[in-house]
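Shown next, in structure tokens, is the structure this report addresses.
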Amino acid sequence: MYILGIESSCDDTSAAVISEEGLLSNVIASQKVHEMYGGVVPELASRAHQENIVPVVAEALRQAGITKQQLSAIAFTRGPGLLGSLLVGTSFAKGLSIALDIPLVDVNHLHGHVLSHFIRKQPDDEVPEFPFICLLISGGNSQIVLARSERDMEILGKTIDDAAGEAFDKCAKLLGLPYPGGPHIDRLAAEGDSEKFKFAKPHIPGLDYSFSGLKTSFLYTLRDALKEDPEFIEKNRADLAASLQKTIIDILLDKLGKAVKEHPVKHLAIGGGVSANSGVRKAVKEFCDKRGIKAWIPERAFTTDNAAMVAQAGYFKLLDKEYCPLDAPPYSRVSI
């Protein structure tokens, strides 16, 4: 059984092929056009998807060593995401499904991130045991998810305003760093003093997150310091990056600690674009080691938006024969 996965929720066009034996290919085409605008421009993103999707799918099939006639099913990201981008992937998946007369499976993008840890490169690769907690952190989402099975997931806590990835990117922009800013913060943080600057940490009830106050605190720190020294940012860029990264990690782990106390688990995973951050990966590993929990840190190739996770999530739905009707529209917002 061969499953083609298609991902087009934001600005990465991706296609992947998996079988019962494991992952056969995972191709991603990123869009550089958004860098000059400091963020993703939806209209430009959808146009780039239209240009990329055919060659990306063709390359995924080539690397997998199969033809499209050998496909058993197609899994695609139905949402959440940018509607224009989703329409490209959805339309292509539906058209190919009709042409090949094979089943179509829709995937919740957030489910894909949680289930990315089930992607196998070899049949005997280890995977998490249910139930497990997943810290899902990206540019658009910051959630603590309790996964009881491949299909049964509950959000224990989520951001009430901005996501962790957005905080990284917006603060990076204030430091004069290119978009996306998260990787640049990660690189600079390795050279800086994480204790030099203190920024606000919100006190939100329960397990929910908030990062808007941190962004405001960071902005005001720069504003006030620049009045005294116009070269403040240039002189302290690495220390500011390190202090920002530490603050975000502290906020994430504080709520994660509370979640583990309320819902004891033996396995804990992270997912989403921010899970590629070196500081986050190290901190979560230490967090789990201290508590005797098995930590699942994804390969960096599976942290960003990718079709391998879509194909994997679609595989589980395919086993239950839960197919997607051809008239099902994509959705920009949805809960996990």
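The values are calculated or read from the model by the stated rules, or taken from the named source; none is laboratory data. Remember, it's a predicted structure, so these values are computed and weren't measured experimentally. No Cβ is skipped: glycine too gets one built from the backbone with ideal geometry, and neighbour counts run over all protein chains shown. For the accessible areas, the whole protein counts, side chains as well, though only heavy atoms, and no ligand, DNA or RNA atoms are used. Shrake-Rupley method; radii C 1.70, N 1.55, O 1.52, S 1.80 Å.
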Top of Gly112, Gly89, Gly157 by mean-square fluctuation, Gaussian network on the chain, Cα under 10 Å: Gly157
Distance between segment 128-184 and segment 23-52 - C-alpha centres, whole angstrom: 20 Å
Residue-span extension gain [Asp320 to Arg333] - 0.36 nm each, minus C-alpha spacing: 2.2 nm
Segment 1-142: relative contact order as a whole-number percent, Cα under 8 Å and 6+ apart: 27 percent
Loop-located trypsin sites (Lys or Arg not before Pro) in segment 77-186, at most 14 other Cβ atoms within 10 Å (DSSP): Lys121, Arg148, Arg151
Solvent-accessible area of Val57 with every protein chain in place, 1.4 Å probe, in Å² to the nearest 10: 10 Å²
In segment 272-336, the trypsin sites (Lys or Arg not before Pro) that fall in loop regions by DSSP, at most 14 other Cβ within 10 Å: Lys321, Arg333
Listed residue (Tyr179, Leu100, Ile3) projecting farthest to the positive dipole end of the chain, Cβ model: Tyr179
Relative contact order (percent, whole number), segment 65-173, Cα cutoff 8 Å, 6+ residue spacing: 18 percent
Relative contact order [Cα under 8 Å, 6+ residues apart], the chain, whole percent: 25 percent
Positive-end residue, segment 177-316 charge dipole about Cα centroid, Cβ charges, pick of Ile233, Ser194, Pro264: Pro264
Of all DSSP beta bridges in the chain, antiparallel share, percent nearest 5: 60 percent
Exposure rule at most 15 other beta-carbon atoms within 10 Å, DSSP loop GluC sites (Glu not before Pro): the chain longest free segment: 22-125
Spin-label pair Glu286/Tyr37, simplified geometry with 7 Å Cα→Cβ offset, distance in nm: 3.9 nm
His117 accessible area, assembled protein chains, probe 1.4 Å, Å²: 20 Å²
At least 24 Å along the helix axis (C-alpha) and Kyte average at least 1.0, DSSP helices within the chain: 83-100
Segment 1-150, accessible surface, carbon-and-sulfur percent (1.4 angstrom probe): 50 percent
Efficiency of FRET from Cβ geometry, Leu44 and Tyr220, R₀ 22 Å, rounded to 0.05: 0.10
Residue-averaged 222 nm ellipticity for the chain, from DSSP H runs of 4+ at -39500 (n - 2.57), nearest 500: -14000 deg cm²/dmol
Theoretical FRET efficiency, 1/(1+(r/R0)^6), r = Cβ-Cβ of Asp152 and Asp193, R0 56 Å, to 0.05: 0.80
Accessible-area composition of segment 263-336, carbon plus sulfur, in percent [1.4 Å probe]: 53 percent
Cβ-derived FRET efficiency at R0 35 Å, Ile233 paired with Leu87, nearest 0.05: 0.30
